[in-house]
Amino acid sequence: MFSIEVTDLKKSYGSLKAVDGITFTVKQGEVFGLLGPNGAGKTTTIEIMEGLRERDSGEVKILGLDPWKDGYEVHKKIGVIPQEFTFFEKTTPKEAINYYANLFNVKVDADAILKEVLLDEMEKHVFESLSGGQKQKTGLALSLVNSPEVLFLDEPTTGLDPNARRAIWEVIRKLKSKGKTIILTTHYLDEAQQLADRVAIMDHGHIVAIGTTEEIIQQHGSGERLEIQGTQQLAKYIKENTDLQVEYNQIREKIIIPLKNKIDMLAALAAAEQSKMPWGEIQTLQDSLEDVFIKLINEPLGEQQEKEIEQKSNKKGRR
């Protein structure tokens, strides 16, 4: 069963195609990561799914509902944490939860929600006195007030220290274990690799890769490679005395050899030893999601284009 279905979605601002015909689905109970550089179309896509922005064409279904035409019903079923979440400075997390409950006209156990997001010890502290991580947890708490089936978390750990980030990760994992469907946007590739069941990488309004992180790395990565600390002369010797593909990184002083078979590593090391030249540390590596991301995102939008998209989207967005 799909919680989210997006088909051939398009949205332009003048001549700028912010979202250019993307298609994907998100299963119930899945954490789905939406990744991409600034200006890739992530925010526009998220805002369309949240019912905050009207699409030009294509189909979007959130829990079977059209988020623009059935916005009121959709908003009762989703939870949202916007980028750089903030709240009334003199309000405690518990007061904030009760305030949101009144807005949604629902009864909640504020203490239970605070415990769920690991914030129960801070229930009496005002928002301005909370740490960055605790403020983000407050945002998570508020997104849970209406018992949503789908959560949109837009860069929930940006600017947090490593410990605070991992505390938010723990909360997200707990929410997933309860069957919540989560859309996660993040600039931290390790975060996506840790939390997301599947990810989609966007660039210039297109999805350039989609699948599990393992599938994307296997499909778009360069495979396993051997790295040897050594000189350019040694790299030349290995290349001339084996059938291996050999590259040399002058900045890192690393000899890089793609490994098609395990025996390739033995051949490279035998040649290095035979050369009688000095060589140092060796290691075998495989591309990470970050490596593949950098490879796929070759031409990020310029700063001026990013600002133009943002300005035009703010003018046309429904608040």
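Comparison of K276, K262 shows that the only residue that is more than 28 Å from K11 (Cβ to Cβ) and at pLDDT below 85 is K262. Taking residues in region 170-182 that are closer than 16 Å to D154 by Cα, and partners anywhere that are part of a helix (DSSP H, G or I) and β-branched (V, I, T), the pairs with Cβ atoms closer than 7 Å and at least 6 places apart or on different chains are I182/I172. With respect to the stated conditions, G223 fails to be on the phi > 0 side of the Ramachandran plot and free of Cβ contacts under 8 Å to residues at least 24 places away in the same chain. Considering region 99-113, and only residues there that are over 22 Å from I168 (Cα atoms) and not hydrophobic (A, V, I, L, M, F, W, C), the residue that is least open to solvent (accessible area, probe 1.4 Å) turns out to be Y99. Restricting P93, P156 to those that are open to solvent by less than 50 Å² (accessible area, probe 1.4 Å), on the phi < 0 side of the Ramachandran plot and touching a Gly at 6+ places or on another chain (Cβ under 9 Å) reduces the list to P156.
The values are calculated or read from the model by the stated rules, or taken from the named source; none is laboratory data. Small disclaimer: the values here were computed from a predicted structure and weren't measured. Cβ: placed from backbone, ideal geometry, glycine included. Neighbour counts: every protein chain shown. Surface areas here come from the heavy atoms of the whole protein model, side chains and all, with no ligands, DNA or RNA. Shrake-Rupley method; radii C 1.70, N 1.55, O 1.52, S 1.80 Å.
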